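Take a look at the structure below.
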Amino acid sequence: MIRKNWKTLVITSVVILLPILLGLFLWNQLPEQLPIHWNAKGEVDGWTGKAFGVFGMPLIMLALHWLCAFATGADPKKAAHSEKVMSLVLWLIPTLTLLLVSLTYATALGAAVRVEIFINIFLGLLFTIIGNYLPKCKQNYTIGIKLPWTLNSEENWNKTHRMAGKLWMACGVVMILTSFLGLFWLFAIVALVMVLVPLIYSYGLHRKGI
């Protein structure tokens, strides 16, 4: 699977490292401490040195990117992964890296950025896209709702992923629509529903012998 997507892996790796060039360009304008974490209200509550922010963060994301790619490629059932699902895996971290670094630099340079809105919209879009792909996922050990009963029963897997796909798409849309309301508790409830409902549904199927 990795061999087939080698060019994409190289391109996405370059994308992850591009923010280093932007950091070097902005080096003299950036403060010595860069924001790297925000709370639910969008307030900065974590800082790091400029050198680590410019070089360290992209390199860590690159390592995570390669780990996810090779873990997916090493799946014993990797043949079950479609090209679209693999593309989603390979482009997720590069996209996230560009977003996070852009928010970091913008905040560091004094821009009035509503970080929590951007993050919530990104997550909503991500869950909507994943929800669209879930029903198309065949049984595997790296992507999908991996529970003992879904892995032991193809019918359970398929029914759970069809239901979860619709649920995740709906919840993703709700996350996007409520991003501007600042209701973190609602966002947390929606995320909890996305986790618990498929789990309970698949277990109920399991209890019925499916």
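The values are calculated or read from the model by the stated rules, or taken from the named source; none is laboratory data. Just so we're clear, the structure is a prediction, and the values are computed from it rather than from any experiment. Quick reminder, even Gly has a Cβ in these numbers, built from the backbone with ideal geometry, and neighbours come from all protein chains shown.
Only residues that are touching a Ser or Thr at 6+ places or on another chain (Cβ under 6 Å) and under 14 Å from L123 (Cβ atoms) were counted in the range 142-172, giving 2. If you filter the range 158-195 down to residues that are part of a helix (DSSP H, G or I) and small (G, A, S), you find that the one that is surrounded by the fewest Cβ atoms within 10 Å (Cβ to Cβ) is A188.
Please determine whether any residue of the range 124-132 is more than 26 Å from T97 (Cα to Cα) and in contact (Cβ under 8 Å) with a residue 12 or more places away in the chain. Step through it out loud before you land on a result.
First, pick out the residues of the range 124-132 that are more than 26 Å from T97 (Cα to Cα): none.
Within the range 124-132, none of the residues are more than 26 Å from T97 (Cα to Cα) and in contact (Cβ under 8 Å) with a residue 12 or more places away in the chain.
The residues of the range 34-49 that are over 20 Å from the mean Cα position of the chain (by Cα) and free of Cβ contacts under 8 Å to residues at least 24 places away in the same chain, listed by number, are E43, D45, G46, W47, T48, G49. Out of the range 2-25, which residues are surrounded by 15 or more Cβ atoms within 10 Å (Cβ to Cβ) and either without any contact (Cβ under 8 Å) to a residue 12 or more places away in the chain or assigned to a loop (DSSP other than H, G, I, E, B) (or both)? Across the range 2-25, the qualifying residues are I2, N5.
Would you be able to tell me the number of residues in the range 196-210 that are in a helix (DSSP H, G or I) and loosely packed, with under 11 Cβ neighbours inside 10 Å?
Here is the first cut: in the range 196-210, the ones in a helix (DSSP H, G or I) are 196-207.
Adding the requirement that they be loosely packed, with under 11 Cβ neighbours inside 10 Å leaves 196, 200, 207.
Count: 3.
Taking the range 43-72 as the range and being of a type in the set (G, A, S) and part of a helix (DSSP H, G or I) as the test, the residues that pass are A51, G53, G56, A63, A69, A71. When the criteria are applied in full, A111 fails the requirement of being outside any loop (DSSP other than H, G, I, E, B), without any contact (Cβ under 8 Å) to a residue 60 or more places away in the chain, surrounded by fewer than 16 Cβ atoms within 10 Å (Cβ to Cβ) and at negative phi. Checking L125, L100 one by one, the residue that is in a helix (DSSP H, G or I), within 27 Å of I20 (Cα to Cα) and assigned by TED's automatic domain parsing to the domain that holds V15 is L100 and no other. Total residues in the range 1-41 satisfying the condition of being more than 12 Å from V101 (Cβ to Cβ) and either aliphatic (A, V, I, L, M) or touching a Lys or Arg at 6+ places or on another chain (Cβ under 6 Å) (or both): the figure is 9.
Residues of the range 152-210 that are in contact with a Gly (Cβ under 8 Å, 6 or more places away or on another chain) and among the aromatic types (F, W, Y): W157, W168.
For the range 136-157, residues that are surrounded by fewer than 16 Cβ atoms within 10 Å (Cβ to Cβ) and not in a loop (DSSP other than H, G, I, E, B) total 5. Tallying residues that are surrounded by 19 or more Cβ atoms within 10 Å (Cβ to Cβ), hydrophobic (A, V, I, L, M, F, W, C) and modelled with pLDDT under 90 within the range 58-95 yields 4.
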